[in-house]
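*Asks:* I have a structure I would like to understand better, so I am pasting it below and will then ask my questions one at a time.
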Amino acid sequence: MTILDKIAENALKHPERMVYYRENTENFQSGGVKGGSLSWGELEEYSNRLAAYLDRGLTAKTPVVVYGHKNPYMIVCFLACVKSGRAYCPVDISVPSNRAELIFKEVNPEVILATEELPVQAEKVLSLSSILSIIENEKKIISRAKYVSGEEIFYIIFTSGSTGIPKGVQITGNCLDRFVEWAVSVGSGFETGREGGYTFINQAPFSFDLSVMDLFLALYTGGTLWALDKKIQSDMKLLLESLKRSSAHVWVSTPSFADVCLSDRQFSGELMPGLERFLFCGETLTNQTVRRLREAFPKAEIVNTYGPTESTVAVTEVVVTPGINETYNPLPVGKEKKGTRILIMDQEGRILPEGQKGEIIIAGDTVSAGYWNNRKLTKEKFGTMEIDETVCRFYRTGDRGYKQDGFTFYCGRIDLQVKLHGYRIEIEDIESNLMKLPCVRQAAVVPVFKDGKARSLTAYLSVKGDIENSFEKAQELRSRLKAYLPEYMIPKKFVFLDSLPMTANGKADRKALGGLRS
Ligand code: AMP
């Protein structure tokens, strides 16, 4: 059964049950419709009507951008797009105007569904009030024959790109269906028809693929998504209160977010007595985080999963039992799901035996159809191979890893990508945006690591003219850079040098820079 069929089935079973809660409604232009929540019945009906409108009003089957921040109508829009046969491309408000403009230009959508005010002028935009009035007035509903299916693109998520232009990862209907079918079995599994359903914590904005894990698990299992918006996440008191009220059963986040919560002792099984499981993905889960979580939530299961956006959220899993936490450091990222094979390859493309480190290659039924509008990069990173007599796509992750005891282990990157507080960042993306600032002559960004995890970024710069006050200069550059990059990509430290040290082949010598005292 496809995810869209499953959603229709769930909506029919319990139309009154809440499918989505967002507590902070301060910025939510509700237009007279109920605050930040949505029932299953509303989700199904509204998305059917909006899909019928899109089907009638749009000519091409090109992707539609959905803009906003955890607004309940974002999920109405997502489903409306795919029900009308179009992929959706979520863009969060954390994306600054220049970058949003780049994404809009890349996607070139026939329409943008904007649940918040757009940061830039765009031609065809449906604001939230227009979306609400369409939902109210549309008489038709969409035919199932129009739904995105099989190898058609279901969503496109943009991630940091090394050229300074984000790249759009295309995920097909098949990829999402195979992912969700596996995700319901992760850890001790989910009962799809459980009485009352599961409530899932949603931390990641919808423009990050980690959110696909909680959103589509909630939709597939007939549950509820409890969204923590930006404001709640930035205020510990609000956050803990919201977590308490959520009565959540399942936690989905990056380990970094759990670390933030663990800094307050109230974050425990007493605050969230119904919490059964932590699902982690997106960055290294450390032994220490597991130890602290186990102390705070002795009854909850802790699951580590691994995968890039290019292979639909995650392709491996391991339940981190106390035994596993004591035996392995680093922790394994797990065993691959059915339909996926992880291979460790050397630079010549030879498959390496257990224990040897190389690049992690993911092959299988959830590997992306490639990057939107970028054949060159798609050819570089993706290919096809035969596994168990089936031809499937593979993706070169750029992650370094090895296999041991049937598990895959992750041990860093072979390129200049980093994960910082759970966010995926191409270092060259920051550098090429720094070079857009007129006074910058040379720029190199170096991550600062502690206990095997990137903790912050330092930018080394040589600039035109004299610097009277380096603190003020750094502040100036930081605020200018914010026009191009989201907050999480802005380096914490700026170090000004007359010129940057160079390697023999004329590139900034990052090793030498990393060794400099900043
Ligand atoms: P994203 O596309 O944002 O999900 O980022 C994917 C990258 O995050 C992977 O290629 C890895 O470098 C990293 N990553 C994902 N899951 C894990 C994990 N469980 N442990 C360590 N790194 C991870």
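*Asks:* Please report, largest first and rounded to whole Å, the three semi-axes of the ellipsoid equivalent to segment 31-186, where each semi-axis is the square root of five times an eigenvalue of the C-alpha gyration tensor.
*Replies:* Semi-axes from the Cα gyration tensor: 23, 20, 16 Å.
*Asks:* When ligands, DNA and RNA are left out and all protein chains stay put, how many square angstrom of accessible area per residue does segment 237-345 have with a 1.4 Å probe?
*Replies:* 39 Å²
*Asks:* Over all directions, average the projected area of the Cα convex hull of segment 47-88 and note it in nm².
*Replies:* 2.5 nm²
*Asks:* Leaving out ligands, DNA and RNA, and with a 1.4 Å probe, what % of the accessible surface on segment 1-150 is carbon or sulfur?
*Replies:* 48 percent
*Asks:* Would you mind estimating how fast segment 466-518 diffuses translationally, via Stokes-Einstein at 37 °C and 0.692 mPa s with the Kirkwood radius over Cα pairs, in µm²/s?
*Replies:* For these conditions, the coefficient is 256 µm²/s.
*Asks:* Residues with amide H under 5 Å of F449's amide H, sequence separation 5 or more or different chain, H placed in the peptide plane at 1.01 Å from N; which?
*Replies:* So F449 has HN proximity to R455.
*Asks:* Counting pairs of alpha carbon atoms under 8 Å apart in space and at least six apart in sequence, what relative contact order in percent does the chain give?
*Replies:* About 11 percent, as a whole number.
*Asks:* For segment 126-198 and segment 269-342, what is the separation of their C-alpha centers, rounded to whole Å?
*Replies:* 24 Å
*Asks:* Only four residue types carry charge here, +1 at the Cβ of Lys and Arg and -1 at the Cβ of Asp and Glu. Report the dipole size of the chain about the Cα centre in Debye, rounded to the nearest 20.
*Replies:* It comes to approximately 700 debye.
*Asks:* Another one. Placing +1 on the Cβ of each Lys and Arg and -1 on the Cβ of each Asp and Glu in the chain, which of S432, Y20, C89 has its Cα farthest towards the positive end of the resulting dipole?
*Replies:* The residue sitting most towards the positive pole is S432.
*Asks:* My understanding is that a pair violates if its Cα-Cα distance is over 29 Å; which of K403/K453; K146/K244; K419/K493; K13/K299; K83/K482 do that in this structure?
*Replies:* Pairs exceeding 29 Å: K146/K244; K13/K299; K83/K482.
*Asks:* Between N329 and V125, 0.36 nm times their residue separation minus their Cα-Cα distance comes to what?
*Replies:* Full extension of this stretch gives 68.4 nm more.
*Asks:* For segment 281-380, which GluC sites (Glu not before Pro) pass both filters: DSSP loop (anything but H, G, I, E, B) and at most 15 other C-beta atoms within 10 Å?
*Replies:* E348, E354
*Asks:* Where the centre of each part is set by its Cα atoms, how far does segment 208-225 sit from segment 349-392, in angstrom?
*Replies:* Using only Cα atoms to place each centre, the spacing works out to 26 Å.
*Asks:* Right, here's the next one. What's the magnitude of the charge dipole for segment 352-494 around its Cα centre, counting Lys and Arg as +1 and Asp and Glu as -1 at the beta-carbon? Answer in Debye, nearest 20.
*Replies:* For segment 352-494, the charge dipole is close to 540 debye.
*Asks:* Considering only protein heavy atoms and a probe of 1.4 Å, how much of the accessible area of segment 365-435 is carbon and sulfur, as a whole percent?
*Replies:* Solvent-exposed carbon and sulfur of segment 365-435 make up 48 percent of the total.
*Asks:* Give me the percent of the accessible area of segment 309-362 that comes from carbon and sulfur atoms, probe 1.4 Å, all protein chains in place.
*Replies:* That share works out to 47 percent.
*Asks:* Taking 7 Å along the Cα-to-C-beta vector as the label spot, tell me the E151-K357 distance in nanometres, rounded to one decimal.
*Replies:* 3.8 nm
*Asks:* Stretched out fully, how many nm does the piece from Q347 to E195 gain, at 0.36 nm a residue minus the Cα gap?
*Replies:* Full extension of this stretch gives 49.6 nm more.
*Asks:* Positive end of the charge dipole of the chain (Lys, Arg +1 and Asp, Glu -1 on Cβ, about the Cα centre): tell me which of S185, V111, I141 has its Cα farthest that way.
*Replies:* Ranked along the dipole, the leading option is V111.
*Asks:* Enumerate the whole-percent occupancy of each 10 Å bin, from 0 to the last occupied one, for all C-alpha pair distances of segment 365-518.
*Replies:* Pairs per bin, as whole percents: 9, 31, 31, 18, 8, 2, 0.
*Asks:* Please tell me the relative contact order of segment 120-269 in percent, rounded to the nearest whole number, where contacts are Cα pairs under 8 Å and at least six residues apart.
*Replies:* 17 percent
*Asks:* A follow-up question, please. With unit charges on the beta carbons (Lys and Arg positive, Asp and Glu negative) and the dipole taken about the Cα centre of the chain, which residue among V446, F206, T305 sits farthest to the positive side?
*Replies:* Of the listed residues, the answer is V446.
*Asks:* Can you give me the accessible area per residue for segment 42-111, using a 1.4 Å probe, in Å²?
*Replies:* Per residue, segment 42-111 has 27 Å² of solvent-accessible surface.
*Asks:* Can you give me the accessible area per residue for segment 419-518, using a 1.4 Å probe, in Å²?
*Replies:* 55 Å²
*Asks:* Using the Cα atoms of the chain, I'd like the radius of gyration and the largest Cα-Cα distance, Dmax, both in angstrom.
*Replies:* 22.8, 69
*Asks:* While we're on this one: Can you tell me the dipole magnitude for segment 62-107 around its Cα centre, using point charges on the Cβ only (Lys, Arg +1; Asp, Glu -1), in Debye to the nearest 20?
*Replies:* For this selection, approximately 120 debye.
*Asks:* When the Kirkwood radius is taken over all Cα pairs of segment 193-324, what Stokes-Einstein diffusion coefficient follows at 25 °C and 0.890 mPa s, in µm²/s?
*Replies:* 165 µm²/s
*Asks:* While we're on this one: Assign one of three labels to segment 334-395, namely rounded, prolate or oblate, based on the Cα gyration tensor with a ≥ b ≥ c the square roots of its eigenvalues; rounded applies when a/c is under 1.5, prolate when it is not and a/b is larger than b/c, and oblate otherwise.
*Replies:* The shape class here is oblate.
The values are calculated or read from the model by the stated rules, or taken from the named source; none is laboratory data. Everything quoted here is computed from the prediction, not taken from an experiment. Don't worry about glycine lacking a Cβ; one is built from the backbone with ideal geometry, like all the others, and counts go over all protein chains shown. Ligands, DNA and RNA are stripped out before the accessible areas are found, and what is left, the full protein with its side chains, is counted by its heavy atoms. Shrake-Rupley method; radii C 1.70, N 1.55, O 1.52, S 1.80 Å.
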